[in-house]
Amino acid sequence: MKFSCLEDWLHWQESLHTQEVDLGLDRVQAVWQRLALGKPAPWVFTVAGTNGKGSTVALLNSILQHNGYKVGVYTSPHLRRYNERVVINQQPASDQDFCKAFAAIDQARGDISLTYFEFGTLAALWLFAQQPLDAVVLEVGLGGRLDAVNIIDADVAIITSIGVDHEAWLGSDPEVIAAEKAGIFRSEQWAVCGEVPVPHSILAKAENLGTHLYCREQNYHATWQENHWTFMGVDTDGQPVNWSLLPPPQLTMVNAVNVLQALALSPFTLNHKALCVALQEATVPGRFQRIPWRNSQGESIELIFDVAHNPHAAENLSRQLQQLSSAKTQAVLAIMADKDSQGVVKPFASMVDSWWISTIPDLPRAKPCSALADEMPLHYRIQQNATVADALTSAIECSSAGERILVMGSFYTVAAAMDALEL
């Protein structure tokens, strides 16, 4: 084994390949074939989309787990610990697990160079293959067609939403972006699309491949009745699948609807009581995560953490905030250099009273605080800070009873804020 410590493995992987992002399946496919492990579980869900992937994965995992199935989950990026990326039956993979997986991959790859993400994806698949799982849920990292998880054929492919992000690799045309995400479709397999209306490129891809595509508001939908809702969808034989008296999920409703249709196309049997519990318990750290806090005067305030880092996610976040009771709101923001900061802050124009902006020290991808300040609208009240911790501390000190502080902009921003508060 090259290293016995997970951090040493990760540090080495960061410099192994010439490019941080190098889309393509040839390298990772070749190594997976050398490992000769086959399909990582009898049933595979693959989730792509601009936003909503994390919530979709969490809902799938929660519902299957509460119904007694053994499930492996792969997500990226992580929020605070690398181990979060691979979870098997609700337990994150250990440092030792990752070291064993990385050693096996390193031996199999020979002289094939792999990116950091490709190494991690292969490690997840290797770890899943060591377990008697019923299903795995794979989250696409970027795009879909050329993402490393796409070496595995999905039994059900899920596209959550289509928006503009990662323009350097995917471009800015929503139809082109949609086509890339539809790259996870397979011939004669099933797919679910939550984007309304469905992009033409997704419809064309499904037709060309012979993929059985199910679209929200066309093939499946939900209706509200007072404090509960009903799901109405179809199974693989076109027979109706209905679930009524469902409680509101903690996570975004549209993702829950997509997940129930995906499960309707699977062989898994669901119990109504277990389904209701799963919907209520599924959460994702850093996605509209509300935490009660006290300011320096001991007064009660609320912190809301959200990793929203593109305009589409910011719009969704603003809608969630609007559903809460009215309260004065401050925002802590740090964002990556390649992100549309103006598009991210725009949805909060009438909601945020003041902005505490910063950067992420020692992270080359982070947008410098001065550059972020130049991009903020002139009439916004902003205060520049050296770090997220400084920005959050200042916001808390300036808060009063009943106010909210929103922390947003990236996974790094939310993780730095949580670390500062020792959460």
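The values are calculated or read from the model by the stated rules, or taken from the named source; none is laboratory data. Note that the structure is a prediction, hence the values are computed from the model and not measured. Don't worry about glycine lacking a Cβ; one is built from the backbone with ideal geometry, like all the others, and counts go over all protein chains shown. When the accessible area is computed, the model is the full protein with side chains, heavy atoms only, and any ligands, DNA or RNA have been set aside. Shrake-Rupley method; radii C 1.70, N 1.55, O 1.52, S 1.80 Å.
Restricting to region 362-374, give me the number of residues that are assigned to a helix (DSSP H, G or I) and either touching a Leu at 6+ places or on another chain (Cβ under 6 Å) or open to solvent by 60 Å² or more (accessible area, probe 1.4 Å) (or both). Before the answer, list the steps.
Going residue by residue through region 362-374, those that are assigned to a helix (DSSP H, G or I) are 369-374.
With either touching a Leu at 6+ places or on another chain (Cβ under 6 Å) or open to solvent by 60 Å² or more (accessible area, probe 1.4 Å) (or both) added as a condition, the list becomes 370, 374.
Number of matching residues: 2.
State whether the residues of region 291-309 include one that is over 26 Å from Q384 (Cα atoms) and not polar (S, T, N, Q).
If we filter region 291-309 for residues that are over 26 Å from Q384 (Cα atoms), which is where we start, we get none.
There is no residue in region 291-309 that is over 26 Å from Q384 (Cα atoms) and not polar (S, T, N, Q).
Within the bounds of region 5-25, is there any residue that is closer than 25 Å to Q189 by Cα, open to solvent by 30 Å² or more (accessible area, probe 1.4 Å), assigned to a helix (DSSP H, G or I) and touching a residue at least 40 places away in the same chain (Cβ under 8 Å)? Can you show your working first?
First pass over region 5-25, keeping only residues closer than 25 Å to Q189 by Cα: 23-25.
After this cut, where a residue has to be open to solvent by 30 Å² or more (accessible area, probe 1.4 Å) as well, the list is 23, 25.
Next, from what is left, pick out any that are assigned to a helix (DSSP H, G or I): none.
No; the residues of region 5-25 include none that is closer than 25 Å to Q189 by Cα, open to solvent by 30 Å² or more (accessible area, probe 1.4 Å), assigned to a helix (DSSP H, G or I) and touching a residue at least 40 places away in the same chain (Cβ under 8 Å).
In region 324-340, how many residues are outside any strand (DSSP E or B) and either crowded, with 22+ Cβ neighbours inside 10 Å or not polar (S, T, N, Q) (or both)?
Residues of region 324-340 outside any strand (DSSP E or B): 324-328, 334-335, 337-340.
Restricting the remaining residues to those that are either crowded, with 22+ Cβ neighbours inside 10 Å or not polar (S, T, N, Q) (or both) gives 324, 327-328, 334-335, 337-340.
Count: 9.
Working only within region 287-306, note down all residues that are surrounded by 21 or more Cβ atoms within 10 Å (Cβ to Cβ) and modelled with pLDDT of 95 or more.
Matches in region 287-306: I301, L303, F305, D306.
Tally time: how many residues in region 178-194 are open to solvent by 40 Å² or more (accessible area, probe 1.4 Å) and in contact (Cβ under 8 Å) with a residue 60 or more places away in the chain?
So the count comes out to 1.
Among the residues of region 96-139, how many are in a loop (DSSP other than H, G, I, E, B), of a type outside the set (D, E, K, R) and without any contact (Cβ under 8 Å) to a residue 60 or more places away in the chain? Can you show your working first?
Going through region 96-139, the residues in a loop (DSSP other than H, G, I, E, B) turn out to be 110-115, 130-134.
Narrowing the set further to residues that are of a type outside the set (D, E, K, R) leaves 110, 112-115, 130-133.
Adding the requirement that they be without any contact (Cβ under 8 Å) to a residue 60 or more places away in the chain leaves 130.
Qualifying residue count, region 96-139: 1.
Any residue in region 338-354 that is farther than 22 Å from S370 by Cβ sitting within a Cβ distance under 9 Å of a residue that is open to solvent by less than 60 Å² (accessible area, probe 1.4 Å) and among the charged types (D, E, K, R)? List the pairs, counting only those 6 or more apart or interchain.
Listed pairs, sorted by first residue: D353/E403.
Return the only residue of R381, R404 being within 24 Å of H312 (Cβ to Cβ) and among the basic types (K, R). Let's see the steps before the verdict.
On the way: R381 fails: within 24 Å of H312 (Cβ to Cβ).
The match here is R404.
Sort through I177, I162 and tell me the only one that's modelled with pLDDT under 95, in a helix (DSSP H, G or I) and closer than 15 Å to L142 by Cα. Before you say what the answer is, go through the steps one by one.
Values: I162 fails: in a helix (DSSP H, G or I).
It is I177.
Specify the residue that is most open to solvent (accessible area, probe 1.4 Å); the eligible residues are those in region 54-78 that are hydroxyl-bearing (S, T, Y) and within 13 Å of the chain's Cα centre (by Cα). Working first, answer last.
Residues of region 54-78 hydroxyl-bearing (S, T, Y): 55-56, 62, 69, 74-76.
Keeping just the survivors that are within 13 Å of the chain's Cα centre (by Cα) gives 55-56, 74-76.
On the way: S55: 12, T56: 0, Y74: 3, T75: 31, S76: 15 Å².
Per the criteria, the residue is T75.
Yes/no per residue for (1) under 16 Å from G54 (Cα atoms); (2) not in a strand (DSSP E or B):
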| site | (1), (2) |
| --- | --- |
| P292 | no, no |
| I304 | no, no |
| A308 | yes, yes |
| Q320 | no, yes |
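I'd like the full set of residues that are touching a Leu at 6+ places or on another chain (Cβ under 8 Å) and in contact (Cβ under 8 Å) with a residue 40 or more places away in the chain, limited to region 264-279.
Residues satisfying the conditions are F268, L270, L275, A278, L279.
Among the residues of region 213-270, which ones are part of a loop (DSSP other than H, G, I, E, B), in contact with an Asp or Glu (Cβ under 8 Å, 6 or more places away or on another chain) and modelled with pLDDT of 95 or more?
Restricting attention to region 213-270, the residues satisfying the condition of being part of a loop (DSSP other than H, G, I, E, B) are 217-219, 226-227, 235-239, 247-252, 265-270.
Pick out the ones that are also in contact with an Asp or Glu (Cβ under 8 Å, 6 or more places away or on another chain) and you get 250, 265-266, 268.
Within region 213-270, L265, S266, F268 qualify.
Cβ-Cβ below 6 Å, separation at least six or inter-chain, first residue in region 312-323 and without any contact (Cβ under 8 Å) to a residue 40 or more places away in the chain and surrounded by fewer than 17 Cβ atoms within 10 Å (Cβ to Cβ), second in a helix (DSSP H, G or I) and acidic (D, E): which pairs?
Going by the 6 Å Cβ cut-off, there are no qualifying pairs.
Could you grab the pairs with beta carbons closer than 9 Å, sequence gap of 6+ or different chains, first residue in region 213-227 and over 22 Å from C193 (Cβ atoms), second one open to solvent by 70 Å² or more (accessible area, probe 1.4 Å)?
Q225/L245
Condition check: part of a loop (DSSP other than H, G, I, E, B) and touching a Lys or Arg at 6+ places or on another chain (Cβ under 7 Å). Does T359 satisfy that?
When the stated conditions are applied, T359 passes them.
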